[in-house]
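Just so you know, all these numbers are worked out from the coordinates, no wet-lab data involved. Keep in mind the model is a prediction, meaning the values are calculated, not measured. Quick reminder, even Gly has a Cβ in these numbers, built from the backbone with ideal geometry, and neighbours come from all protein chains shown.
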Amino acid sequence: IYDFYSLGLGDPIPISASNAMNLGDLLDAVVVAFPAEVEESGASDEIAIAVVGRPNVGKSSIVNALLHEERAIVADEQGTTRDATDTAFVWEGKPYVIIDTAGIRKRGQVYEAIEKYAVLRAMQAIERCDVAVFVLDGKEGIREQDKHVAGYAHDAGKPIVIVVNKWDVVNKDESTMQDFLKKVRNAFLYLSYAPVLFVSAKTHQRISQVLPEVDRVYENSCRRIATNVLNEVVADTQVTTPSPARNGKRFRIYYATQVAIQPPTFVFSCNDPKLMHFTYKRYLENQLRQAFAFEGTPLRIIARKKVSV
């Protein structure tokens with residue numbers, strides 16, 4: 001006989017392993033405990049934050065520090081977190097969901113089936129989040145696998161906040177932070193748009209800066225630019241710095257429009273998409289960032305040949 005009084009839903013319900021007569025009563029009691037209404041996925045105003053990184057950089061410690069409670073299990077051994085776990089919370093009156101993910105290792109170093117599942121769940125967390133908090137280990141420095149993990153979030157088009165954890169145990173002088181920042185920028189050239197915070201989950205140093213940065217980059221990823229304003233900036237950009245000539249021809253943009261957010265996506269109607277060199281595309285992206293404050297979010301630029309009527 002099993003005692004299900006721990007449900008807190010009334011008298012104990014005896015269940016016999018050989019007799020399923022009372023299973024219906026048990027299920028009825030369990031259903032009572034369900035929420036009256038289950039909100040559809042994607043219908044919530046919650047900002048979903050995925051805390052990602054390679055193993056043992058302190059992702060779960062960051063989650064606990066942000067929640068101000070020991071919600072996630074923390075240990076020195078790698079692989080303590082085996083699944084992506086969601087925790088809802090409210091900060092300054094706004095709802096959030098924080099996702100603590102398993103550390104993502106190189107494919108060749110993932111041996112167990114359960115770890116493969118954990119990595120898959122971490123990748124899915126990146127896909128469904130609104131903002132990725134990418135955690136680095138300030139003590140160990142930047143590793144090759146860090147670049148792969150950050151690349152997943154960048155390729156998924158997610159706003160990113162880079163958090164350098166364990167800063168309390170780093171031997172520092174007046175130039176340590178700037179030197180590490182230079183290393184971050186050199187190692188992650190494709191994340192030049194992402195803000196960098198130096199924190200300690202253990203001492204809560206600068207942890208209070210994480211959520212304001214999450215809000216800021218999320219808002220930037222949702223920003224829409226009026227078409228007339230966008231075209232003014234693009235026109236000024238082409239006049240100031242024309243595209244380099246290729247085979248006697250220059251890349252020219254006739255019309256620009258924003259077609260999506262999260263990430264902000266722009267379509268340029270042009271003479272020939274093949275004439276847009278990647279360096280000029282990067283220049284255009286930088287001009288958009290400078291003009292419209294797109295810090296923290298990747299941008300998508302699509303060149304399409306103008307259709308003649």
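Quick rundown of the values:
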{"quantity": "Sites Lys94 and Gln290, calculated FRET efficiency, Cβ-Cβ separation with R0 25 Å, nearest 0.05", "calculated": "0.30"}
{"quantity": "Share, in percent, of DSSP beta bridges within the stretch 219-305 that are antiparallel, nearest 5", "calculated": "55 percent"}
{"quantity": "The stretch 137-293: antiparallel DSSP beta bridges as a percent of all, rounded to 5", "calculated": "70 percent"}
{"quantity": "Computed Kirkwood radius, in angstrom, where 1/r is averaged over Cα pairs of the stretch 169-250", "calculated": "17.0 Å"}
{"quantity": "Charge context of Asn247, other residues only, Cβ under 12 angstrom, K/R +1, D/E -1", "calculated": "+3"}
{"quantity": "Net charge over other residues, Cβ less than 15 angstrom from the Cβ of Val259 (K, R count +1; D, E count -1)", "calculated": "+4"}
{"quantity": "Out-of-range pairs (alpha-carbon distance over 24 Å; input Lys147/Lys274; Lys94/Lys158; Lys94/Lys139; Lys94/Lys172; Lys94/Lys183; Lys158/Lys305)", "calculated": "Lys147/Lys274; Lys94/Lys139; Lys94/Lys172; Lys94/Lys183; Lys158/Lys305"}
{"quantity": "Residue-span extension gain [Glu232 to Glu69] - 0.36 nm each, minus C-alpha spacing", "calculated": "53.8 nm"}
{"quantity": "Total formal charge among the other residues, if their Cβ is under 14 angstrom from that of Gln209, Lys/Arg +1 and Asp/Glu -1", "calculated": "-1"}
{"quantity": "Relative contact order of the stretch 161-309, pairs being alpha-carbon contacts under 8 Å that are 6 or more residues apart, as %", "calculated": "24 percent"}
{"quantity": "Pair-distance profile P(r), taking every C-alpha pair of the stretch 196-306, with 10 angstrom steps and integer %", "calculated": "13, 40, 24, 13, 8, 2, 0"}
{"quantity": "Share of Cα-Cα pairs in the stretch 262-309 lying beyond 12 Å, as whole percent", "calculated": "65 percent"}
{"quantity": "Positive-end extreme of charge dipole, the stretch 196-309 - chosen from Pro298, Asn271, Leu230 (charges on Cβ)", "calculated": "Asn271"}
